[in-house]
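The values are calculated or read from the model by the stated rules, or taken from the named source; none is laboratory data. Every value quoted in this text rests on a predicted model; they were computed, and no experiment measured them. For neighbour counting, all protein chains shown are included, and Cβ atoms are generated from backbone atoms with ideal geometry for every residue, glycine included. The accessibility values were calculated without ligands, DNA or RNA, using every heavy atom of the protein model including side chains. Shrake-Rupley method; radii C 1.70, N 1.55, O 1.52, S 1.80 Å.
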Amino acid sequence: TAVSNYFDTARLSRQQSRDNALSLLREAAEQEGAEQAAVDEANQTIQTLAGYSVLENQIENLVIAKGYADCVAFMGENGISVVVSAAEDGLQTEDVAKITDIVLSETEYTADQIKIMEAN
């Protein structure tokens, strides 16, 4: 279905974007004559992106474990977006609360940094 294709495509796009960013960061960190501060910053960003990948996967699995058919999370410096496949009656307040609780327990984000949407 179109919705399940959305989740597959979103995960693939996220992974490709992250892989491209990691590749550029590794190149910067390994560049001969690079200043130590630039190398340190590149390595720190690599660690941050790796952490995002782990947490996104964890959040997706926890949301799916709560009974949602599928989920994809996108973490960034300023917030997180979580897209879920909602039931026929759409995303309800109770759904938003459940997913928000998962994100709050797994990450350092505050409630106002969390966006929850349903895939159509």
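Here are the numbers for this structure:
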read-out	value
Region 81-120: number of residues that are β-branched (Val, Ile, Thr) and touching a residue at least 24 places away in the same chain (Cβ under 8 Å)	9
Condition check for Glu77: over 17 Å from Tyr6 (Cα atoms), of a type in the set (D, E, K, R) and under 15 Å from the mean Cα position of the chain (by Cα)	yes
Hits in region 58-82 - residues which are more than 16 Å from Tyr109 (Cβ to Cβ) and out of contact with any helix residue (DSSP H, G or I) (no Cβ under 7 Å at 6 or more places or on another chain)	Asn61, Ile64, Ala65, Gly67, Tyr68, Ala69
Some residue of region 25-37 being touching a Ser or Thr at 6+ places or on another chain (Cβ under 7 Å) and closer than 21 Å to Ser13 by Cα	yes
Scan of region 69-95 for residues that are surrounded by fewer than 17 Cβ atoms within 10 Å (Cβ to Cβ) and in a helix (DSSP H, G or I), ordered by number	Thr93, Glu94
Which numbered condition Ala111 misses (of (1) loosely packed, with under 12 Cβ neighbours inside 10 Å; (2) closer than 21 Å to Asn5 by Cα)	(2)
Counted residues, region 12-65 - those being open to solvent by 80 Å² or more (accessible area, probe 1.4 Å), of a type in the set (A, V, I, L, M) and closer than 21 Å to Ile116 by Cα	3
Verdict on Ser105 being loosely packed, with under 14 Cβ neighbours inside 10 Å and either modelled with pLDDT of 95 or more or part of a strand (DSSP E or B) (or both)	yes
